[in-house]
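A short write-up of the structure that comes next.
Since every read-out is calculated from the coordinates, none of them should be taken as a lab result. Here the structure is a predicted model, which is why all the values come from computation and not from measurement. In this analysis, Cβ positions are derived from the backbone assuming ideal geometry, glycine residues included, and neighbour counts consider all displayed protein chains.
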Amino acid sequence: MSATETAIASAEAHSAHNYHPLPVVVASAEGAWMTDVEGRRYLDLLAGYSALNFGHGNPRLIDAAKAQLERVTLTSRAFHHDRFADFCTQLAELCSMEMVLPMNTGAEAVETAVKTARKWGYRVKGVPDGMAKIIVASDNFHGRTTTIVSFSTDPEARADYGPYTPGFEIVPYGDLTALREAMTENTVAVLLEPIQGEAGVLVPPAGYLPGVRELTRERNVLFIADEIQSGLGRTGKTFALEHEGVVPDMYLLGKALGGGVVPVSAVVSSTEILGVFRPGEHGSTFGGNPLACAVALEVIAMLRTGEFQERATELGDHLHRELGLLVGGGAVETVRGRGLWAGVDIAPALGTGREISERLLAERVLVKDTHGSTIRIAPPLVISKEDLDWGLDRLRMVLSVP
Ligand SMILES: *Cc1c(COP(=O)(O)O)cnc(C)c1O
């Protein structure tokens, strides 16, 4: 057996089968490239679902992590540490908000937002105890906890995990009328992805997000933007909502905030909203740890220059122009997305998304399918135009487009 086959067989025997990885075993990576255990190089067009916006082994992030590893890595929040205040201040500033509540994973940021919205509903809005409702969209992806899968519409993500957490109302994504009709006195929040990543990079109709903003403001309901995948440069702006000129009440951040080095997530909001917490009412052993703060501070500094957003805009325009040329030729049905982020619906006759991904793997390009015959393309924002073009050539080859 090859080194690849041995590693995969052993992983299959001893790890739960809650993923179905492509048959490649990565040993190292740099920038937009990964190298497997047999020395083959692959172009990474997934970027860890946007956790690797700044590429593999980004020298600035690795240096920040190394420096912090030598000083102090964990204090718990029982004590202050000297990176914490800077992290919170600078992240709040990047978001033009006032307060930060740090956690680790994206799902924890979503859970924190659910708690915050409910507490705000009872303490500030005056919703009767136990009656708070949060409205979410169909085809959402917000994480994997029991509460979060309770409001998923994906049977794969949800089945067999009941009893489900009550207090959520699901409306069709992009439908403002349905949202308006679902609102009651007890609605405390609307939780949405500005672009639905896992659903296939779905961009809502123009005017939807500003409409959500207007409606939530009118009805004294919090607008919670899950920018865990869409945020921090991916779409060409720091936040996907900026494309629509919308400012939410709460940003949920994760993935790229940890620079692909450590898990870092956060809820970022106003003093009125995050001010609802008192000591002991919420927390996390690792949330806001010194290593996480040091890496995230470097991420924030990199985003402040605007250079990554600019790259995502320029290369994203190029990517969408090139992918657009494939539409209508029989191989590609639709292309959606914004910036360096695309959902590509391949003609089902050419194969499932999984089969296309496997063919691309054979051509040394790594992508991930979402549903059906859709693949997503989301390279690290540091990818060169030449490498992106090389990846697009391989895609055309696999789709037999001249
Ligand atoms: C990935 C993701 C999450 C969950 O993040 P984890 O770190 O995997 O828990 C939540 N929301 C969105 C939009 C995501 O893409």
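Straight-line cross-link partners of K237 among the aspartates and glutamates, defined as a Cα under 16 Å from its Cα and at least 8 positions apart when in the same chain: E93, E193, D226, E227, E307, E310, E314, D317.
Ordering 17-24, 284-291, 178-185 by mean Cβ neighbour count within 10 Å, with the highest value first, yields 284-291, 178-185, 17-24. Its DSSP H runs of at least 4 residues, each contributing -39,500 (n - 2.57), put the calculated 222 nm mean residue ellipticity of the chain at -10500 deg cm²/dmol, to the nearest 500.
Packing, as the average of other Cβ atoms within 10 Å across residues, places the peptides 41-50, 248-257 in the order 248-257, 41-50, highest first. For the chain, the longest principal axis of the Cα atoms and the long axis of helix 84-94 meet at an angle of about 80 degrees. When the Cα atoms of the chain are aligned to their principal axes, the ranges along those axes come out at 61, 53, 44 Å in descending order. Per the Debye calculation on region 71-304 with a single equal scatterer at every Cα and no solvent contribution, log₁₀ I(q)/I(0) for q = 0.09 Å⁻¹ amounts to -0.35.
Centre-to-centre separation between the Cα atoms of region 260-294 and those of region 108-173: 20 Å. The value obtained for region 5-62, namely the Cα convex hull volume divided by the number of residues, is 102 Å³ per residue.
Computed from backbone phi, the HN-Hα couplings of region 304-312 come to 4, 6, x, 5, 6, 4, 5, 4, 4 Hz, rounded to whole numbers (Karplus: 6.51 cos²θ - 1.76 cosθ + 1.60, θ = phi - 60°; Gly and Pro given as x). Relative to the longest principal axis of the C-alpha atoms of the chain, give the angle of the C-alpha long axis of helix 385-398, reported between 0 and 90° and rounded to the nearest 10°. Roughly 70 degrees, rounded to the nearest 10. For a straight C-alpha distance cut-off of 23 angstrom, the lysines reachable from K368 (same-chain residues fewer than eight places away being disregarded) are K255, K385.
Relative to the longest principal axis of the Cα atoms of the chain, the long axis of helix 3-14 makes an angle of roughly 40 degrees.
A straight Cα-to-Cα reach below 14 Å connects K115 with the aspartates and glutamates D129, E281, residues fewer than 8 places away in its own chain not being considered. With the highest mean first, a sort of the peptides 120-133, 329-342, 153-166, 311-324 on other beta-carbon atoms found within 10 angstrom per residue produces 329-342, 311-324, 120-133, 153-166.
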